[in-house]
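S.K.: My questions will all concern the structure given below.
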Amino acid sequence: GTKAAGLRGESELQRLDNAAKRLHGLKKSVYEDYRDGLLTLEEYRSYKEDYDRQERSLVQQRKSMNEQSPEEDIDQKAWALRDLSELEREQGEKELALSYIERAIKLAESRNASYSFTVRGNLLFHKFEVLRSLGREQEAETLTDAMIAEHKNSMVKNDSYVFYGYLFKARLAAAKEN
């Protein structure tokens, strides 16, 4: 469950590495079959060419994964931490959920300003939900009010802090009515 969610990126690298090892073994096997007279030179060259092409493709895929910018890496890590937080909250591990979402927020805050208005509000909304599930509803509401007050008059047209702040307040109001 939780561990698998955190290893998605690693599993893709592992898949590429395993495919490269398999290809290396196939290339070696084809050469041995040629050497033992089981394949003609033409068959050997055909297989080798195909395996070389596949290997170049794997190397390119691996290279493109490694060329990911630090900003993209932060995005993925922040969302992975948010997802882990949500998983832990659903499984009743609320304190752990809070620690994951706080790490996601800290990571998002380390990124450039353009990121703040698209994602940070969402991350904070999840933190407020975790606080509410911990019985710390008043703390969540106080943080929400402060976030809205700070960003209500921003120059950004669709500020996610304000949007998610009001969304959380609406959920609180609906919960109180029920």
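The values are calculated or read from the model by the stated rules, or taken from the named source; none is laboratory data. Small disclaimer: the values here were computed from a predicted structure and weren't measured. Heads up, the Cβs are rebuilt from the backbone with ideal geometry, glycines too, and the neighbour counts pull from every protein chain shown. Accessible surface areas use protein heavy atoms only, side chains included; no ligands, DNA or RNA. Shrake-Rupley method; radii C 1.70, N 1.55, O 1.52, S 1.80 Å.
S.K.: Y166 to H24: extension gain in nm, 0.36 nm per residue of separation minus the Cα-Cα distance?
M.R.: Working: separation 142, 0.36 × 142 = 51.12 nm, distance 5.64 nm.
So the extension gain works out to 45.5 nm.
S.K.: Step through the table entries K106/K176; K152/K176; K106/K127; K27/K63; K21/K48, compare each Cα-Cα distance with 19 Å, and write down the pairs that go over it.
M.R.: Working: K106/K176 30 Å; K152/K176 24 Å; K106/K127 12 Å; K27/K63 21 Å; K21/K48 15 Å.
Among K106/K176; K152/K176; K106/K127; K27/K63; K21/K48, the Cα-Cα distance tops 19 Å for K106/K176; K152/K176; K27/K63.
S.K.: What figure in square angstrom, to the nearest 10, would you give for the accessible area of V59 with a 1.4 Å probe?
M.R.: Accessible area, nearest 10 Å²: 90 Å².
S.K.: Considering the options Y44, A19, S29, tell which one lies farthest towards the positive end of the dipole of the range 18-57, charges being +1 on Lys and Arg and -1 on Asp and Glu at the Cβ, about the Cα centre.
M.R.: The residue sitting most towards the positive pole is A19.
S.K.: Which order do E150, E43 take when ranked by solvent-accessible area (1.4 Å probe, heavy atoms of all protein chains), largest first? It would help to have the intermediate numbers written out before the result.
M.R.: Numbers: E150 135, E43 80 Å².
From most exposed to least exposed: E150, E43.
S.K.: Order R22, R53, most accessible first, counting only protein heavy atoms with a 1.4 angstrom probe. It would help to have the intermediate numbers written out before the result.
M.R.: Details: R22 150, R53 125 Å².
I get R22, R53, largest accessible area first.
S.K.: Accessible area, 1.4 Å probe, largest first: how do L172, L38, L26 sort?
M.R.: Largest to smallest exposure gives the sequence L38, L26, L172.
S.K.: Calculate the radius of gyration of the Cα atoms of the range 27-110 to one decimal place, then report Dmax, the largest Cα-Cα distance, as a whole number, both in Å.
M.R.: Values for the range 27-110 (Cα only, Rg and Dmax): 23.8, 65 Å.
S.K.: Give me the distance in nm between label points sitting 7 Å out from Cα along the Cα-to-Cβ direction at E177 and S99, one decimal.
M.R.: Label-label distance for E177 and S99, simple model: 3.8 nm.
S.K.: Can you list, bin by bin at 5 Å, the percent of alpha carbon pairs in the range 15-65, starting at 0?
M.R.: Whole-percent P(r) values from 0 Å outward: 4, 23, 27, 20, 13, 8, 4, 1.
S.K.: Further question on the same structure: Under the Karplus relation 6.51 cos²θ - 1.76 cosθ + 1.60, θ = phi - 60°, what is the ordered set of whole-Hz ³J(HN,Hα) values for the range 79-84, x standing for Gly and Pro?
M.R.: Values per residue, Gly and Pro as x: 5, 5, 5, 4, 5, 4 Hz.
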